[in-house]
Amino acid sequence: MFATYALVSYGIQGFLIVATQGVLTPSGPEDSSSDGFLLRHLVAYARRNLDEDVTMNDTYTRKMDEDYMRHALQLAAQGRGRTAPNPMVGAVIVNNGRIIGKGYHERCGEAHAEVNAFRNATEDVEGACMYVTLEPCSHEGRTPPCADRIIAEKISRVVIGATDPNPLVSGTGIARLRSAGIDVVTGVLADESTLLNEVFMKYILEKEPFVTLKLAMSLDGKIATSTGESQWISCEASRYRVHELRDMSTGILVGVGTVLADDPQLTCRIPGGANPVRIVADSALRTPEDARILHTLDETPTIIATTQRADARKVDRIRERGAQVIVFDDPDGRVPLKALMRQLGSQGIDSILAEGGSTLAASLLAEECVDKVHWFIAPMLIGGEDAKTPLGGRGIERLADAVRLTRMTTDSVGEDILLTGYIERG
Ligand code: AOF
Ligand code: ZN
């Protein structure tokens, strides 16, 4: 029988073509016969399978795009902690199923990821596909627009992770590529691409730093014993993790209570790591002039945020030493944290790791300055009603006013548990 023969000899696609062209034309002889009936069913079956083939093709392309995008994301992450206030971006150039170039944005002010990928290309890139984790830029910034370079290099397809919220770019990079006839696919691993640049995504729009609050407590919710002993509740691996967080952060913020209690250096002790700018919230300027953060100003800058309650001569002396002192005029004599964030943002500080203590943590939450929380829990029981808990201040009276977290994840760090979550905005 013709239909069976066609299926066997051409496969489903071949059969469909033959059936459509040769047999099922409206005037086709078998149209009303029983053979015609069978043919129609076979064609419908073949067509369905062909559709599935198309879907399979889409799934396959999507999977391939995601694999290369994952590669580009891994490259992008190599710039972690070095690109601020720019985003981390990775790019991969693929031709005929092979990677022929890759690069990432290594440092703010230097070449963008796409340019590095072209620079590292081992073959002619004409007609190739570029995978880039962030929409290519279309503006003349510290470097020329990447979209123009992609067009000039005759790339035929561009696959993009996240769109760039930067008002200077925001969609115009994609539009420029499309108007040059390039096939542009967007939104591949978009969530991963956005999450990788959560700091940039906030800072570029709000010009305020992305604030991560880090807290560490015992399993029964204490941050010290009733006599104030707190070193160490978290295990060594957790403390190392905190140094990694410091390395990635542009600024580190503590309350003056922490300076008075621990005289910390607030530097990153990982070899080759970068020190964050140290910021102290200190309403009455109680930071001792011999504090370590004022004696290591050659290692990294220190900013003290205070109010009109500060002794003006002490302000001058600390400034003379080379630290920045910001004096806020506040009716309650307390450092207005939101205003501090705006000020720090205007100075280019895009991310802050807030490390306590409990008064500052509570105020940061109350003043809606926190974006993300890292909560280390040590397998240790301390007890005691007088032993401090992670959040001081007055707290709330109604549960409906509780700060809520979302997207919670758990991790094991050494023997501790690390809970990470994001503050839910109402
Ligand atoms: C890209 N690829 O690798 C990066 C992009 O001051 P510039 O010239 O370095 O530009 C910074 C802006 O460019 C930044 O705010 C963001 O919008 C974009 N970053 N774009 O195509 C890259 N790093
Ligand atoms: Zn660019």
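The values are calculated or read from the model by the stated rules, or taken from the named source; none is laboratory data. Since the structure is predicted, the reported quantities are computational estimates derived from the model, not experimental observations. Positions of Cβ are backbone-derived with ideal geometry, glycine not excepted, and every protein chain shown enters the neighbour counts.
Name the residues in the range 176-204 that are under 26 Å from Ala152 (Cα atoms) and without any contact (Cβ under 8 Å) to a residue 12 or more places away in the chain, would you? Within the range 176-204, Arg178, Ser179, Gly181 meet the criteria. When Ala128, Ala117, Ala121, Ala152 are screened for being without any contact (Cβ under 8 Å) to a residue 24 or more places away in the chain, more than 8 Å from ligand 2 (Cβ to nearest atom), over 25 Å from Gly348 (Cα atoms) and hydrophobic (A, V, I, L, M, F, W, C), only Ala152 passes. Residues that are touching a helix residue (DSSP H, G or I) at 6+ places or on another chain (Cβ under 9 Å), within 22 Å of Gly357 (Cβ to Cβ) and either at pLDDT 95 or above or not β-branched (Val, Ile, Thr) (or both) do not occur anywhere in the range 162-170.
With respect to the conditions (1) surrounded by fewer than 17 Cβ atoms within 10 Å (Cβ to Cβ); (2) within 12 Å of ligand 1 (Cβ to nearest atom); (3) modelled with pLDDT of 95 or more, Thr143 falls short on a single one, namely (3). Looking only at the range 155-169, filter to residues that are surrounded by fewer than 17 Cβ atoms within 10 Å (Cβ to Cβ) and more than 18 Å from Ala117 (Cα to Cα); which one of those is nearest to ligand 2 (Cβ to nearest atom)? Result: Leu168. Anything in the range 104-114 that is at negative phi and either more than 10 Å from ligand 2 (Cβ to nearest atom) or assigned to a loop (DSSP other than H, G, I, E, B) (or both)? List them, or say none. Result: Tyr104, His105, Glu106, Arg107, Cys108, Glu110, Ala111, His112. Restricting Pro136, Pro144 to those that are near ligand 2 (Cβ under 9 Å from one of its atoms), free of Cβ contacts under 8 Å to residues at least 12 places away in the same chain and part of a loop (DSSP other than H, G, I, E, B) reduces the list to Pro144. Applying the set (1) within 16 Å of ligand 2 (Cβ to nearest atom); (2) modelled with pLDDT of 95 or more to Arg70 leaves exactly one unmet item: (1).
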